[in-house]
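Asker: Dumping the structure here so I can ask a few things about it.
Rule-based calculations on the coordinates, nothing more; no lab input. The shown structure was predicted, so the numbers you read here are calculated from the model rather than taken from an experiment. FYI the Cβ positions are ideal-geometry reconstructions off the backbone, even for glycines, and counts take in every protein chain you see.
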């Protein structure tokens, strides 16, 4: 047949088209290359044991020599509602009536502080801006900074007066300055509460002065406090840890008594009205672990301080944060098929820290599952698998493993070869 075909072709003096001559050779080469590639396809385990972070206590390879203290039941408090929140993970350790909307009194000023800090950070206002005190601000009842109508006071001093002295006059002056008027500022407060996921909160004023419908829940307060600390750490430490402030010759001490009792407490906000009772939101940090305690509706100043301190002590004594993996850390480089690159680095979008009881820390394990057939194109941050953290047999955290880089589709030849390889996967 070859001779006959050759003879016929000679007689016709015709030549095959270049593409017709090339395709058999290309196909042969492709099949040969694919065959060799098929003979060696690196096995990609679907589940990979992941070693713990260096210098971090996640999943220790050898037993911890010291014996962890058993975890007792959480303290039972007299407060109407309360929450103990782990700031790093957002998990609630202890709670009672956490979602009950109740009058928050001057704890409201956490949101006023949050919005002033936001305006400062964005450059909308500045610390040395001078604010003219309105008659309404000057006339505010309750706790006062003792500012005077018509006088000018800097934003920084007003913040000190609001946070340290809990001045309703200072809070009103700041609200009028940032919002243009108090009503507009209150609208900002409610919009921000919604944005932060504070579903059981509604504001009627920037001070916490009693008003129908002005409520917050213990969970919402802890959410707001955590956002304030994380988004404005410099402002938080500058103002909330101050123990005293003097204005107009009047020295007033911070009503947050735990600042004076525990050196690891670094800030908080009190509140009190007849309807709200004695309230406190406070925070402290030990060994990189931050806790936020909120107690609402206690019977006295001593009760709110003692009960908030009991929550913090319980959390620090029996719980700890364990860093598992850092954001954008390369955890593996699995194969990619039909891509411009043969492999892709994968990891987590955000730091992964878990909250465990101290007796669980030595029993942590981490495993990772990656899709064994990753096919380009892959987008950056596209999910390609799962990372699971267990304490014994209990899953305590699960996160998406994502592609840290984008992998565009490869060329025609690469796609042909990898199509053949995938037949045998």
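Asker: Based on the alpha-carbon set only, what is the convex hull volume of the range 81-319 divided per residue, in Å³? Walk me through the numbers on the way to the answer.
Answerer: Details: hull volume 26.6 nm³, N = 239.
That works out to 111 Å³ per residue.
Asker: Okay, next question. For residue 327 and residue 129 in one chain, what is 0.36 nm times their gap in residues minus the Cα-Cα distance, to one decimal in nm?
Answerer: 67.4 nm
Asker: What length, rounded to one decimal in nm, is gained on full extension from residue 202 through to residue 91, with 0.36 nm per residue of separation minus their alpha-carbon distance?
Answerer: Working it through step by step, the gained length comes to 37.6 nm.
Asker: Still on this structure: Calculate the FRET efficiency for residue 393 and residue 136 from the Cβ-Cβ distance with a Förster distance of 45 Å, rounded to the nearest 0.05.
Answerer: Efficiency for this residue pair is about 0.15.
Asker: Treating only the Cα positions of the range 364-425 as identical point scatterers, give the base-10 log of I(q)/I(0) from the Debye formula at each q in 0.15, 0.20, 0.25 Å⁻¹.
Answerer: Taken in order of the listed q values, log10 I(q)/I(0) reads -0.60, -0.82, -1.01.
Asker: Give the order of 272, 237 when sorted by the count of other beta carbons within 10 angstrom, beginning with the fewest.
Answerer: 237, 272
Asker: Ok, one more. State, as an integer percentage, the relative contact order of the range 163-309 based on alpha-carbon contacts under 8 Å between residues 6 or more apart.
Answerer: Working: 218 pairs, mean separation 25.5, N = 147.
Averaging sequence separation for qualifying contacts and normalising by length gives 17 percent for the range 163-309.
Asker: Compute the separation of the alpha-carbon centres of the range 185-251 and the range 150-173 and state it in Å as a whole number.
Answerer: The distance from the Cα centre of the range 185-251 to that of the range 150-173 comes to 14 Å.
Asker: What ranking, highest mean first, results for peptides 229-236, 414-421 when packing means the other Cβ atoms within 10 Å averaged over each residue? Mind dumping the intermediate values first?
Answerer: Numbers: 229-236: 15.8, 414-421: 17.4.
So the order, starting with the most tightly packed, is 414-421, 229-236.
Asker: Taking square-rooted eigenvalues a ≥ b ≥ c of the alpha carbon gyration tensor, is the range 277-425 rounded, prolate or oblate, where a/c under 1.5 means rounded and, failing that, a/b exceeding b/c means prolate? Mind dumping the intermediate values first?
Answerer: Working: a/c = 4.62, a/b = 3.08, b/c = 1.50.
Here the range 277-425 falls in the prolate category.
Asker: How far apart, in nm, are the 7 Å Cα→Cβ label points at residue 241 and residue 122?
Answerer: Each label point lies 7 Å from its Cα, and together they span 2.8 nm.
Asker: Ok, one more. If I stretch the segment between residue 415 and residue 286 completely, what's the gain in nm (0.36 nm per residue apart, minus their alpha carbon distance), one decimal?
Answerer: Full extension from residue 415 to residue 286 adds 41.0 nm.
Asker: Okay, next question. Highest mean first, what order results for 350-360, 386-396 on Cβ atoms within 10 Å? Numbers along the way, then the final one.
Answerer: Numbers: 350-360: 17.7, 386-396: 15.2.
The densest-packed peptide leads the list: 350-360, 386-396.
Asker: Rounded, prolate or oblate: pick one for the range 248-317, where a ≥ b ≥ c are the square roots of the eigenvalues of its C-alpha gyration tensor, a/c under 1.5 means rounded, and failing that, prolate if a/b is larger than b/c, else oblate. It would help to have the intermediate numbers written out before the result.
Answerer: Values: a/c = 2.42, a/b = 1.29, b/c = 1.88.
Oblate.
Asker: Also, quick follow-up: So for each of 282-294, 105-117, 329-341 I average, over its residues, the number of other beta carbons within 10 Å; can you give me the resulting order with the highest mean first?
Answerer: Peptide ranking by packing, descending: 105-117, 282-294, 329-341.
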